[in-house]
Amino acid sequence: MSMRLRLWVLAAGVLGTATLFVLACAELPGFGGTWHPYGDRAVHAALARHTANTIASVNFDQRALDTLGEESILFGSVLGTLVLLRQTRDERRLPPEPARVAPPVRRYALIALPVTLLIGLYVVAHGQLSPGGGFQGGVVVATSLHLLYIAIDYRALERIRPVGLYEVADAAGEAGYLLIGAAALLTGAAFLTNFLPYGTFNTLSSGGTVPLLNAAIGVEVAAGIVVLLARFLDQAVEIVSGRDEAEDET
Amino acid sequence: MTVARMLPLIVATPLFGAAVLVGAGRRLPRAAAEVLGLLFAAGTAALALAASAALPSSTARPVEWVGGWRPHGGASVGIVLVGDRTGLGLATLVSLLVPAALAYAWRYFDEPPRRHAASFPALVLLFQAGMCGFALTGDLFNAFVFFELMGVVAYALTGYRVEEARAVQGGLVFGVVNSLGGYTTLLGIGLLYARTGELGLAQIGRALDARPGGPDALVIAAFVLVATGLLVKAAAVPFHFWLADAHAVAPTPVCMLLSGVMVELGVYGTARVYWTVFAGPGGIPAPDAHRALLALGALTAVLGAVMCWQQRHLKRLLAYSTVAHTGLFLIGLAVLTPEGIGGVALYVLAHAGVKAALFACVGVLLDRFGSVDEHELHGKGRELPWVAGMFGIGGLALAGLPPFGTALGKAVTEEAAGGWATALFVAVSAVTGGAVLRAGARVFLGLGSRPPGSPEETTGEGEEPETRRLLARIPDSMLLVPTVLLACALAVGLVPGLRTAVGGAADAFTDHAGYLAAVLDGRTTEPAPTPAPHWTTPGVVWGLLATVLAGVLALLAVQRPVRGEPVRWTVPLRRLHSGHVGDYVAWFLAGVTLLAALLV
């Protein structure tokens, strides 16, 4: 296709799509109205089940099946990355070199690491009470470990990052969510029913199965992100193509 | 356990299987991983079959509110799964084809990722879960989530053979175009949510129906945007470009699933969303929906058939045949009657078997000879009589030879569509079936002359086999799977019980008010019954005619000397399929515009 034709098709498409979307947006309800049918119902349902964070109630109780799907998308993406970034026949591994790090960077990263880890764990644990939860906290936990790469070098990160264990944790998070969901079937309720006692409102143990499902997501996300980044970092730091080894070693 | 209770397990079982495989992956030897994957896939199939068998009638709609969030006064905060005959039937089809693909891939790959032998079966199980969830859900946002799950896994499976640059390119094109489709669908869902405050198909449908009198721009835009994502999956023109690029590079067992069921799920999604959300008084008027689907369908069928005939790369040939058949499915949907839906349902069932079997045969050629090029393989297939037979039968079934299910589906659909649609059905069937027969005649019978090489084209020569080395002997599993698949396609045409079941399923599928009442009010209403799909004399005659035409086309083609260059009038068409992602994006946006223009 010539550049000219491509641009004409693109121009027509952009113009048509934009017109359609702008016309549709003109029909949207006004901003800041009081009509929130789903929101009202969701808040009501969350309070009825003693879950202070309505978002967590939507994610892990009211629409828990969506979260299962989203968790599986992350799980599938990690697995897909593992397959696509694997070491192929014509590639080989070089042990990473020790690296020199500027002292201020090292000091900052070493101080930030435990703080970040603690915040991550806090965000996961308080998912049913305050903004955050397994998805957000899991990413923070995974990030904290990688501060070790910034503070010292790749070998230090590899020492605290046995990828095999994290893969097991990733799978355990996925399986845990499914098992908690299936446990409801034993009580005669539907899949993913919140079957545990709802507890006291606004305490750590409130919300029934919400904190458990939230924790399963936290484990899956933290481990999944570690594995995901490990694949990319391995490709960037360790794996070299067999043919160009002389160039890559310099 | 009731049928309704079983529905979430059809999604959860393969997900759990994937988790087990990944968790134990490092310790599992390859054979154990593959057996485990097969067991979980087959277990899911058993569940889906059991649920289908336990349906009280073909118009029943078991409804399961996940988490027990039953609606009060028609309102709920939860997600609903609906196990009507159509959704459950598709989940069953998916769950039967997945173990077939896994059995075909038995000890198949050259180089499983180091210490991750379980990753291929695990990805396929996730793919199965995504497809089953998409077929069963009654919630638009949840459908989007499963749509994305299917997509993410499919990109990785397409690019599986990363040693080749083309595989990565094919996976990338697939990912970019399908992700764009995902975004438009999400935009459309956002518009519907803003208007109605609901995410469930039935809830949105009821809320739209509360404002009857022609659709406004928002409703039209929402339909266009949601349908675009689904039509990308369905590979309708001009959203189809990714399909051939992905099929050409994906491992054969993955092609079987992509062409056999995933593309068809896009067609299903379009029909499901139309009938549940937009078929009421507040939705898209029937004449507009008819016009849009018919125009896209006819365009897709013709373009797919023309491109199919032009290919010499066998996987691309079969891929374009899938595009052409998607067009025929869309024409069937455009009729907007139970007859049309019933015909398409039978057609999809049989097409899955035939197309997967044909891909399986091509996979055998690839692994035996390291080529999927029609001319390069000239006469080499003589030593594989069984594969030759299946390839030929597959080509005839694709053309519409009675009593294959493809012929029945075509006959019922073309009768429902009527008029010139019959001519189009015959022509497209003859050309796509003829292309397969032509390739079969060259490869397996050695008919015609060997052509001079033409380096400019995508030839399919010099492909890497997907097995460890070129196969000296074809394993029985690779022969058994296509045989069983073809037998199933034949059974679709012959088993009378299936026709009555599909007839009832189509009645229920097109009953907008009945679906809403069953999901939101728990009220069962019987849809108006229509005659079940059945064989008719004209249908058999048209099917035979298409088959004969396909044979004649194939014979004429192999007798003519092969020209080094493609036919002149197809050159601009071939140039459009450039493999350039930017082109595909431009056509994608133009397609959104076209769809909107067809609706106003």
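The values are calculated or read from the model by the stated rules, or taken from the named source; none is laboratory data. What you see is a predicted model; the values in this text were computed from it and never measured. FYI the Cβ positions are ideal-geometry reconstructions off the backbone, even for glycines, and counts take in every protein chain you see.
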What pairs come up if the first residue lies in the range A:210-228 and is within 17 Å of B:ALA19 (Cα to Cα) and at pLDDT below 95, the second is aliphatic (A, V, I, L, M) and not in a helix (DSSP H, G or I), and their beta carbons are under 6 Å apart, counting only those six or more places apart or on different chains? none
Of the criteria (1) within 7 Å of chain B (Cβ to nearest Cβ); (2) of a type outside the set (A, V, I, L, M); (3) under 23 Å from B:ARG70 (Cβ atoms), which one A:THR187 fails: (1)
Being of a type outside the set (D, E, K, R), on the phi < 0 side of the Ramachandran plot and more than 9 Å from chain B (Cβ to nearest Cβ) narrows it down to one residue among A:ALA64, A:ALA45, A:ALA52; which is it? A:ALA52
Here is a check on your reading of the model: is B:ALA31 in contact (Cβ under 8 Å) with a residue 40 or more places away in the chain and either more than 28 Å from the chain's Cα centre (by Cα) or within 20 Å of B:THR13 (Cβ to Cβ) (or both)? yes
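Do any helices (runs of 4 or more DSSP H) lying entirely in the range B:343-455 carry at least 1 residues that are out of contact with any Gly (no Cβ under 8 Å at 6 or more places or on another chain) and buried (at least 22 other Cβ atoms within 10 Å of the Cβ), and which ones are they?
By residue number, B:385-399, B:420-440.
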Flagged in the range B:1-12 as surrounded by 17 or more Cβ atoms within 10 Å (Cβ to Cβ), of a type in the set (A, V, I, L, M) and at the interface with chain A (Cβ under 10 Å from one of its Cβ atoms), in numbering order, are B:ALA4, B:MET6, B:LEU7, B:LEU9, B:VAL11, B:ALA12
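Residue by residue, here is whether (1) touching a Gly at 6+ places or on another chain (Cβ under 8 Å); (2) under 30 Å from A:ALA42 (Cβ atoms) holds:
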position	(1), (2)
B:HIS72	no, yes
B:PRO99	no, no
B:CYS132	no, yes
B:LEU140	yes, yes
Within the range B:522-539, does at least one residue satisfy the condition of being farther than 28 Å from B:ALA135 by Cα and either free of Cβ contacts under 8 Å to residues at least 60 places away in the same chain or touching a strand residue (DSSP E or B) at 6+ places or on another chain (Cβ under 6 Å) (or both)? yes
Taking into account only those residues within the range B:21-32 that are buried (at least 23 other Cβ atoms within 10 Å of the Cβ) and part of a helix (DSSP H, G or I), which is farthest from the other protein chains (Cβ to nearest Cβ)? B:LEU21
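Residues are listed down the side, and each one gets a yes or a no for (1) farther than 30 Å from A:PRO98 by Cβ; (2) in contact (Cβ under 8 Å) with a residue 12 or more places away in the chain:
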{"position": "A:ILE119", "(1), (2)": "no, yes"}
{"position": "A:GLY127", "(1), (2)": "yes, yes"}
{"position": "A:LEU157", "(1), (2)": "no, yes"}
{"position": "A:ARG161", "(1), (2)": "no, yes"}
{"position": "A:ASP170", "(1), (2)": "no, yes"}
{"position": "A:ALA182", "(1), (2)": "yes, no"}
{"position": "A:THR187", "(1), (2)": "yes, no"}
{"position": "A:GLN235", "(1), (2)": "no, yes"}
Where a residue in the range A:61-75 is without any contact (Cβ under 8 Å) to a residue 60 or more places away in the chain and farther than 18 Å from B:GLY182 by Cβ and its partner, wherever it lies, is surrounded by fewer than 24 Cβ atoms within 10 Å (Cβ to Cβ) and among the polar types (S, T, N, Q), with Cβ under 8 Å and at least six apart: none
Is it true that some residue in the range B:55-74 is assigned to a helix (DSSP H, G or I), within 14 Å of chain A (Cβ to nearest Cβ) and over 30 Å from A:TYR166 (Cα atoms)? no
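Might you check whether a residue that is part of a loop (DSSP other than H, G, I, E, B), surrounded by fewer than 21 Cβ atoms within 10 Å (Cβ to Cβ) and of a type outside the set (D, E, K, R) occurs anywhere in the range B:182-204?
Yes, the range B:182-204 has at least one match.
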Identify all residues within the range A:24-42 that are surrounded by fewer than 16 Cβ atoms within 10 Å (Cβ to Cβ), at the interface with chain B (Cβ under 10 Å from one of its Cβ atoms) and of a type in the set (A, V, I, L, M, F, W, C); write none if there are none. A:CYS25, A:ALA26, A:LEU28, A:TRP35
Subset of the range A:157-181 [surrounded by fewer than 17 Cβ atoms within 10 Å (Cβ to Cβ) and more than 25 Å from A:VAL123 (Cβ to Cβ)]: A:ARG159, A:GLY164
Of the conditions (1) facing chain B (nearest Cβ under 7 Å); (2) assigned to a loop (DSSP other than H, G, I, E, B), A:ALA12 satisfies every one except a single condition; which number is it? (2)
Which is of a type in the set (Lys, Arg), more than 24 Å from B:PRO71 (Cβ to Cβ) and facing chain A (nearest Cβ under 10 Å), of B:ARG161, B:ARG195? B:ARG161
Residues (within 17 Å of the chain's Cα centre (by Cα) and within 14 Å of another protein chain (Cβ to nearest Cβ)) located in the range A:136-162: none
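Here's a check for you: in the range B:569-588, which residue that is of a type in the set (Ser, Thr, Tyr) and closer than 12 Å to A:ARG6 by Cα is nearest to the other protein chains (Cβ to nearest Cβ)?
The residue in question is B:SER578.
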Unique match (being in a loop (DSSP other than H, G, I, E, B), facing chain B (nearest Cβ under 7 Å) and surrounded by 17 or more Cβ atoms within 10 Å (Cβ to Cβ)) among A:ARG6, A:ARG86: A:ARG86
So, in the range B:28-55, how many residues would count as being in contact with a helix residue (DSSP H, G or I) (Cβ under 8 Å, 6 or more places away or on another chain) and closer than 14 Å to B:ASP84 by Cα? 7
Modelled with pLDDT under 85, more than 9 Å from chain B (Cβ to nearest Cβ) and either under 30 Å from A:GLY132 (Cα atoms) or touching a Gly at 6+ places or on another chain (Cβ under 7 Å) (or both): does that describe A:GLU91? yes
When restricted to B:LEU36, B:LEU15, B:LEU47, the only residue assigned to a helix (DSSP H, G or I), touching a residue at least 24 places away in the same chain (Cβ under 8 Å) and at the interface with chain A (Cβ under 9 Å from one of its Cβ atoms) is B:LEU15
Suppose the filter is farther than 24 Å from B:VAL82 by Cα and aromatic (Phe, Trp, Tyr); does B:PHE223 pass it? no
On the given criteria, is B:LEU573 at negative phi, of a type in the set (A, V, I, L, M, F, W, C) and at pLDDT 90 or above? no
Exactly one of these conditions fails for B:GLU64: (1) among the acidic types (Asp, Glu); (2) more than 30 Å from B:THR196 (Cβ to Cβ); (3) at pLDDT 95 or above. Give me its number. (2)
So is B:VAL168 within 9 Å of another protein chain (Cβ to nearest Cβ), among the β-branched types (Val, Ile, Thr) and not in a helix (DSSP H, G or I) or not? no
